[in-house]
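All remarks here apply to the structure that follows.
Values quoted throughout were computed directly from the atomic coordinates according to the rules given, and no laboratory measurement underlies them. All values reported here derive from a predicted model rather than from experimental measurement. Note: ideal-geometry Cβ built from the backbone for every residue, glycine included; neighbour counts use all protein chains shown.
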Amino acid sequence: MIFYGYHGANQAERELGQKFVVDLEVKLDLRRAGASDDLQDTINYAELYRAAREVLEGSPVNLLEHLGERICRLVLERHLVDQVRVRIQKPNAPIRGGIFAHSVVEIVRRREG
């Protein structure tokens with residue numbers, strides 16, 4: 001998923017904005033959906049997209065880590081998944097004194113209890 005947001009520790013990132021690339025993976029028991037062929041028995045990808053969009057196009061934050069935690073929390077709160085993995089890339093991250101293709105953060109959270 002690709003979004004445009006205004007996140008970053010540098011003022012310029014918050015003023016100009018930039019592209020963010022999000023990979024989202026969830027784990028859950030899919031036997032029921034496999035047998036029923038019914039969307040109600042699985043996760044609707046559009047809902048996962050909306051959760052990521054809500055965070056990435058929402059209020060600016062400093063860190064990719066914070067964005068990842070927010071996405072994980074939303075997905076775990078809204079869906080009956082066992083685990084969520086989010087990977088957020090910031091292409092062409094502005095790093096003083098260097099050239100980076102992108103910076104990346106990956107966070108994995110599991111349902112507790």
**OP:** With the condition kept exactly as written, say whether any residue in segment 91-102 is closer than 18 Å to Met1 by Cα and within 14 Å of the chain's Cα centre (by Cα).
**Re:** no
Original post:
So which pairs qualify, if the first residue must be in segment 76-98 and farther than 21 Å from Arg31 by Cβ, the second must be of a type in the set (A, V, I, L, M, F, W, C) and assigned to a loop (DSSP other than H, G, I, E, B), the Cβ gap must be under 8 Å, and the two must be at least 6 apart or on different chains?
Top reply: Pro91/Ala101; Asn92/Phe100; Asn92/Ala101; Ala93/Phe100
Subject >> Residues being surrounded by 13 or more Cβ atoms within 10 Å (Cβ to Cβ), of a type in the set (Asp, Glu) and more than 19 Å from Glu106 (Cβ to Cβ) - total across segment 1-46 >> reply: 2
**OP:** State yes or no: is Phe20 in contact with a strand residue (DSSP E or B) (Cβ under 8 Å, 6 or more places away or on another chain), among the hydrophobic types (A, V, I, L, M, F, W, C) and on the phi < 0 side of the Ramachandran plot?
**Re:** yes
**OP:** Could you grab the pairs with beta carbons closer than 9 Å, sequence gap of 6+ or different chains, first residue in segment 1-17 and at positive phi, second one in a loop (DSSP other than H, G, I, E, B) and β-branched (Val, Ile, Thr)?
**Re:** Gly8/Val61
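Looking only at segment 87-109, which residues are among the β-branched types (Val, Ile, Thr) and either assigned to a strand (DSSP E or B) or at positive phi (or both)? Break it down stepwise before answering.
Kept after step one, since they are among the β-branched types (Val, Ile, Thr), are these residues of segment 87-109: 88, 95, 99, 104-105, 107-108.
Selection gives Ile88, Val104, Val105, Ile107, Val108.
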**OP:** For segment 68-86, enumerate the residues that are part of a helix (DSSP H, G or I) and of a type outside the set (A, V, I, L, M, F, W, C).
**Re:** Gly68, Glu69, Arg70, Arg73, Glu77, Arg78
Original post:
Within segment 23-67, which residues are assigned to a loop (DSSP other than H, G, I, E, B) and small (Gly, Ala, Ser)?
Top reply: Gly58, Ser59
